[in-house]
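Below: the structure, in structure tokens.
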Amino acid sequence: MTDSRPLPLTPRIEPDTQSVLAEEALLRQLVDGLGSPLNVVLPDALAANVEAFRAVYRHHRLRGRIYFAHKANRSAALLRRLAAAEVAVDVASLEELQHALGAGFTPDRIIATGPKNREFLWLAARTGVIVSADSPDELDELAALGRAPVRVMVRLSGFVSPGVQMISRRSRFGVPSEQLTEALDRVEKHAGRLELVGIAYHLDTIGIPEKAIALEGCLTALDECRRRGLPVWSIDIGGGFGVNYLADGEQWERWTSELARAVLGHRPPLTWNEHGYGLRNEAGTLRGALGLYPAFRPVSGAGYLDQLLSTVAPAQRRPLGELLLDSMADLDIEPGRALLDQCGLVLARVLEVRSEGPDTLVRLEANARDVSLEEHGVLMDPVLIPHRSDEPTEVFLLGNLCLESDLITRRRVTLPARPRPGDLLAFVNTAGYFMDFSASRALHQPIARKVAVHRAGERWSWCLDEHYWPVPEREEAA
Amino acid sequence: MRFDDMTEAIGNTPLVRIDPAVHGLRQIDLYAKMELLNPFGSLKDRAALQMVRPLLAGAAERGDTVVELSSGNTAKALAMIAGMHGVPFKSVTNRMKVPEIKDLLLLLGAEIDELPGQAECLDPTDTEDPLSRMHRTLSANGSGYVHTDQYFNEQNVEAHLHGTGPEIVKDLDGRAPDFFFACVGTAGSSTGVARALRQHDPDVRVVGLVAAKSDFIPGIRTIDEVHEVGLFDPGVYDTVDTITSDDAVDGLLTLVRRCGTPAGPTGGGAFQGAVRHLRALDPTLTSRKTAVFIVCDRVESYLSYLRERRPALFGRPPRRNDTRDLAADEIAAAPTVDVEEAARWPGLIVDLRNPHAYQALHIDGSINIVDELFAEMLHGGLPFGRRQPVLLVCPVGEKSARYAALLTRMGHPAVRSLAGGIIAWRDAGARLVRD
Ligand SMILES: Cc1ncc(COP(=O)(O)O)c(C=O)c1O
Ligand SMILES: Cc1ncc(COP(=O)(O)O)c(C=O)c1O
């Protein structure tokens, strides 16, 4: 029962992105003028995501800050737009901190996270941003740098659960939760130079149960702070709320089922060199694990936060949202990917289309680092521009580097028509991590330029990303 | 029947005919193999005993722990058998989604390790899944573990080849049934029984039942996941049908309400899957046929699973004095006091937050009754006198307003809610204490 119909993975496209894609002439002009690949960001699309998170806060009666995890995109336009939207920002390097300060974030709306060098700590301490400390030594270092007391959070990791033992992936980051006492001793040792404002975690997992254990662990840590008389009011639960990339769950299920069948040899391969995305065939049994982002995720972003807050805490057996409220704790979050849902796309020009046996190979003027969907295991089909739909065609997308591995997709993607040289492909919903996180200047190829598009009446208008400022239009003198 | 230990009670379960008035098949006699009557509660008792028996003496001597990847029934049986020999048992799983089963295993003295969820940021160099990694650690020599390895262990099949299968043949007077239906978890039972039946009659039609993709029926695999099972051989089954969790619950209800059979969801799914499959054939049959399905385990461990899917089944009679019966205007009219007035409150102060939060910081002189408990108390009537002024405190003043409205309705004249809750109290800089 070989399924020979095409196996599309149609991306979820919201109306704003859809209407940008309809501006075919504008997009073509932009690529002609600024080169391929070209990154396009949509600052106007941020508001809906921010509002969705705020609605979850209101629903749970919680207060706290939404820190945008800047690492997800280098765009100035997106950052400035968020500064205007009264959102806060999470910076993870000296340069990100400088960028955030320059984009209009005041220090009270900035948190510095992740591994930090001395310069980063210095600027953070000088400007008075909150620092999420990764280790007790970082607390010492900060205490030695500041003039006024530096506001800090302690990031914890390695939480333990009661009863059922949760095995979590080992993390490089944070203070192991059993060393909380030691970390708090340091804070108290530096009283006057450090002011503890919160307890934090960030876990790289989509699993709600692990996060529920971590959040309850932070609440326990908060109790410990209060026992010591430290007035701590915030819990920062990091990012990782996820995005739903695909329009249709059935397509995703069909594609993954067919991949498993292909790996077992029950149907022709779907992928380049029979790549199994982590699955392998051992004597007729499927082994390994699917190394792909679960691209169809109906509960993601703000919905995921809502689900976490509604989850019953494993030890206290009361919903986590209520426990936070009971403890009068503010809830801080650091969404990156989820805040950028539908906020950008990458355009690439088709250079060559050729047939090789049964396969159609399409070479693009862009490489796998410019559109790093494969690297992040997110599978979505690109959109063909100009729009035609006369002959659904499955193609492999090859990049412009001299590397065998430079495949923009290692699977066949489905296009509504056979592409022609000069066409554009739009990789939608790529603002979170897939646009500039991995891009490099290998072979002296340029890194993509970035433009911001925004509505001007009925039409879309554009400017270079760095020229975008969310300044209100001047009132026309009547 | 007199036994030396409980494991001797494993097996020899009855084969019970299902009343044709219930299934409506005209030409087919349908029988249930009542595996739920095994002493530890399921079909898996057989496989657990068969797999672990040869390992126990060595494990006890070395002080090893028995370990298995199991989401429930195998773990339950192994925990009890290992416990009889003073050997510890640990279950590793990412599939244990039914809380009662977790609690039961902890009660039996098992240790449970849960595997992590997928990474949010994919690490493309990490091609090993946690399960394979776990597998490798377990099978290393001197690891301190003996691994029963149910998904790959032939003993899991043997238990049914020599037990379950022949028992069915014996109870059908030496004949194999024409049809056999079984849900597929490790595939041990369906494979073993199918082999035994085919030794008698190669024409037995064997139907494997799995869950539909992205559905969840505790104990069995989805249509995709069966391929990850070492014992699974598609050649065993004439057909592999999918059943949904809805089917499983429908079938369970029929078995418990009409057939005197307290079956769990896979028993229900096997019944529903069998009847659906057979109903299509029944009108075409010209001679009588027999069919057998397996009722793997019992209903009691799945109450939360059922509650989640069919809340209507558990509709309890309405209780008196419930905040859910209040009208919006009653809540809006709940009497409140502000922080300043609360600071001078002469009577009782009840803090409705959880005990941890209360103990960490509270208003001096307040007592703690967590809201769930308070709600229970009010179902019984007023828990304090009408002359006693009462101030209710919660995080933001919403819950306390509801309870103040309810107490007012119950005839208490001097109850108040702290407007804005303890968060407003804190924001106003009023004093919070801990004891
Ligand atoms: C500390 C911290 N916060 C927030 C994030 C953002 O995660 P996401 O983009 O998945 O929301 C990350 C991601 O690596 C992180 O390390
Ligand atoms: C409730 C339930 N039903 C059915 C089965 C299927 O049995 P088998 O593992 O022999 O395929 C299992 C196995 O774990 C189970 O727990």
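The values are calculated or read from the model by the stated rules, or taken from the named source; none is laboratory data. Just so you know, these numbers come straight off a predicted model, no measurement behind them. Methodologically, a virtual Cβ is constructed for each residue, glycine included, from the backbone with ideal geometry; neighbour enumeration extends over all protein chains shown. The protein model used for the area step is the full one, side chains on, heavy atoms only, and it has no ligands, DNA or RNA in it. Shrake-Rupley method; radii C 1.70, N 1.55, O 1.52, S 1.80 Å.
Mind checking which residues of region A:316-333 are open to solvent by 20 Å² or more (accessible area, probe 1.4 Å) and more than 9 Å from chain B (Cβ to nearest Cβ)?
A:ARG317, A:PRO319, A:ASP330
If you take just the strands (runs of 3 or more DSSP E) that sit entirely in region B:21-127, which of them hold at least 1 residues that are within 16 Å of ligand 2 (Cβ to nearest atom) and within 30 Å of A:PRO335 (Cα to Cα)?
Here the list reads B:89-93.
Looking only at region B:104-121, count every residue that is facing another protein chain (nearest Cβ under 9 Å), surrounded by fewer than 18 Cβ atoms within 10 Å (Cβ to Cβ) and either more than 16 Å from ligand 1 (Cβ to nearest atom) or modelled with pLDDT of 80 or more (or both) and tell me the total.
3
Starting from region A:217-244, keep only residues that are among the aromatic types (Phe, Trp, Tyr), then list their pairs with residues that are modelled with pLDDT of 95 or more and outside any strand (DSSP E or B) whose Cβ atoms are within a distance under 7 Å, requiring at least 6 positions of separation or different chains.
Cβ pairs passing all conditions: A:TRP233/A:MET328; A:TRP233/A:ALA329; A:PHE241/A:SER300; A:PHE241/A:GLY301; A:PHE241/A:TYR304; A:PHE241/A:LEU305; A:PHE241/A:PRO335; A:PHE241/A:ALA338.
Looking for whichever is under 24 Å from A:THR311 (Cβ atoms) and part of a loop (DSSP other than H, G, I, E, B) here; the options are A:ILE213, A:ILE199, A:ILE206. Which one fits?
So the residue among A:ILE213, A:ILE199, A:ILE206 that is under 24 Å from A:THR311 (Cβ atoms) and part of a loop (DSSP other than H, G, I, E, B) is A:ILE206.
Say we look at region A:371-406 and pick out the residues that are in contact with a helix residue (DSSP H, G or I) (Cβ under 8 Å, 6 or more places away or on another chain) and hydrophobic (A, V, I, L, M, F, W, C); which of these is surrounded by the most Cβ atoms within 10 Å (Cβ to Cβ)?
Once the filter is applied, the top-ranked residue is A:LEU379.
Answer yes if at least one residue in region B:390-413 is within 14 Å of chain A (Cβ to nearest Cβ) and among the polar types (S, T, N, Q), and no otherwise.
Checked region B:390-413: at least one residue is within 14 Å of chain A (Cβ to nearest Cβ) and among the polar types (S, T, N, Q).
Determine which member of the set B:GLY235, B:GLY230 is in contact (Cβ under 8 Å) with a residue 40 or more places away in the chain, within 14 Å of chain A (Cβ to nearest Cβ), over 16 Å from B:LYS33 (Cα atoms) and more than 9 Å from ligand 2 (Cβ to nearest atom).
Only one candidate passes the filter, namely B:GLY230.
Before we move on, is B:THR191 within 15 Å of ligand 2 (Cβ to nearest atom), buried (at least 17 other Cβ atoms within 10 Å of the Cβ) and touching a residue at least 60 places away in the same chain (Cβ under 8 Å)?
Here the answer is no, as B:THR191 does not meet what is asked.
Considering each residue of region B:290-322, count those that are under 17 Å from B:ASP250 (Cβ atoms) and either more than 16 Å from ligand 2 (Cβ to nearest atom) or loosely packed, with under 12 Cβ neighbours inside 10 Å (or both), and give that number.
Going through region B:290-322 one residue at a time, the tally reaches 7.
May I ask you to verify whether B:THR222 is within 14 Å of chain A (Cβ to nearest Cβ), buried (at least 16 other Cβ atoms within 10 Å of the Cβ) and either away from ligand 2 (no atom under 14 Å from the Cβ) or closer than 30 Å to A:THR256 by Cα (or both)?
Yes: the conditions hold for B:THR222.
Look through A:VAL378, A:VAL346 and report the one residue that is under 30 Å from A:ARG54 (Cα atoms), in a loop (DSSP other than H, G, I, E, B) and either of a type in the set (D, E, K, R) or away from ligand 2 (no atom under 16 Å from the Cβ) (or both).
A:VAL378 is the lone residue from the list that is under 30 Å from A:ARG54 (Cα atoms), in a loop (DSSP other than H, G, I, E, B) and either of a type in the set (D, E, K, R) or away from ligand 2 (no atom under 16 Å from the Cβ) (or both).
Looking at (1) modelled with pLDDT of 90 or more; (2) open to solvent by less than 50 Å² (accessible area, probe 1.4 Å); (3) closer than 29 Å to A:ASP341 by Cβ, which is the only condition A:ARG254 fails?
(2)
May I ask you to say which residue of A:GLU282, A:GLU274 is within 30 Å of A:THR360 (Cβ to Cβ), surrounded by fewer than 21 Cβ atoms within 10 Å (Cβ to Cβ) and either at pLDDT below 90 or not assigned by TED's automatic domain parsing to the domain that holds A:LEU219 (or both)?
The conditions single out A:GLU274.
Restricting to region A:403-430, count the residues that are of a type in the set (Lys, Arg) and assigned to a strand (DSSP E or B).
The qualifying residues number 1.
Give A:VAL152, A:VAL160, A:VAL131, A:VAL164 a once-over and let me know the one that is at pLDDT below 95, open to solvent by less than 30 Å² (accessible area, probe 1.4 Å), away from ligand 2 (no atom under 16 Å from the Cβ) and β-branched (Val, Ile, Thr).
A:VAL164
Criterion first (within 13 Å of chain B (Cβ to nearest Cβ) and within 16 Å of ligand 2 (Cβ to nearest atom)) does A:THR311 satisfy it?
So A:THR311 fails the test.
What about B:ASP215, is it assigned to a loop (DSSP other than H, G, I, E, B), away from every other protein chain (no Cβ under 14 Å) and either within 16 Å of ligand 1 (Cβ to nearest atom) or more than 17 Å from B:THR93 (Cβ to Cβ) (or both)?
No, not satisfied.
If I filter region A:283-303 for residues that are in a helix (DSSP H, G or I) and either among the hydroxyl-bearing types (Ser, Thr, Tyr) or more than 28 Å from the chain's Cα centre (by Cα) (or both), do I get at least one hit?
No, that holds for no residue.
Per-residue answers, yes or no, for (1) within 14 Å of chain B (Cβ to nearest Cβ); (2) crowded, with 22+ Cβ neighbours inside 10 Å; (3) more than 16 Å from ligand 2 (Cβ to nearest atom); (4) within 23 Å of A:ASP330 (Cβ to Cβ):
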| position | (1), (2), (3), (4) |
| --- | --- |
| A:ASP140 | no, no, yes, no |
| A:ARG170 | yes, no, yes, no |
| A:PRO176 | no, no, yes, no |
| A:GLU195 | no, no, yes, yes |
| A:ILE199 | yes, yes, yes, yes |
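This table checks each residue for (1) in contact with a His (Cβ under 8 Å, 6 or more places away or on another chain); (2) over 26 Å from B:VAL146 (Cα atoms); (3) in the same structural domain as B:ALA176 (by TED's automatic domain parsing).
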{"residue": "B:TYR31", "(1), (2), (3)": "no, yes, yes"}
{"residue": "B:ARG46", "(1), (2), (3)": "yes, no, yes"}
{"residue": "B:LEU55", "(1), (2), (3)": "no, no, yes"}
{"residue": "B:GLY72", "(1), (2), (3)": "no, no, yes"}
{"residue": "B:ALA79", "(1), (2), (3)": "no, no, yes"}
{"residue": "B:LYS90", "(1), (2), (3)": "no, no, yes"}
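Would you be able to say whether some residue in region B:366-373 is within 25 Å of B:GLY429 (Cβ to Cβ), among the hydrophobic types (A, V, I, L, M, F, W, C) and either within 12 Å of chain A (Cβ to nearest Cβ) or surrounded by fewer than 15 Cβ atoms within 10 Å (Cβ to Cβ) (or both)?
Looking through region B:366-373, at least one residue is within 25 Å of B:GLY429 (Cβ to Cβ), among the hydrophobic types (A, V, I, L, M, F, W, C) and either within 12 Å of chain A (Cβ to nearest Cβ) or surrounded by fewer than 15 Cβ atoms within 10 Å (Cβ to Cβ) (or both).
I'd like to verify a number: residues in region A:191-209 that are touching a Gly at 6+ places or on another chain (Cβ under 9 Å) and touching a residue at least 24 places away in the same chain (Cβ under 8 Å), how many?
Of the residues in that region, 12 qualify.
Tally up the residues in region A:432-478 that are in a loop (DSSP other than H, G, I, E, B) and charged (D, E, K, R), please.
7
Give the residue that is surrounded by the most Cβ atoms within 10 Å (Cβ to Cβ), with candidates limited to residues of region A:426-475 that are of a type in the set (Ser, Thr, Tyr) and within 16 Å of ligand 1 (Cβ to nearest atom).
Across region A:426-475, the extreme among qualifying residues is A:THR430.
Looking at (1) among the acidic types (Asp, Glu); (2) open to solvent by 20 Å² or more (accessible area, probe 1.4 Å); (3) farther than 28 Å from A:GLY276 by Cβ, find the lone condition where A:ASP423 falls short.
(2)
Of the residues A:LEU279, A:LEU286, A:LEU264, which single one is in contact with an Asp or Glu (Cβ under 6 Å, 6 or more places away or on another chain) and within 11 Å of chain B (Cβ to nearest Cβ)?
Exactly one of A:LEU279, A:LEU286, A:LEU264 is in contact with an Asp or Glu (Cβ under 6 Å, 6 or more places away or on another chain) and within 11 Å of chain B (Cβ to nearest Cβ), namely A:LEU286.
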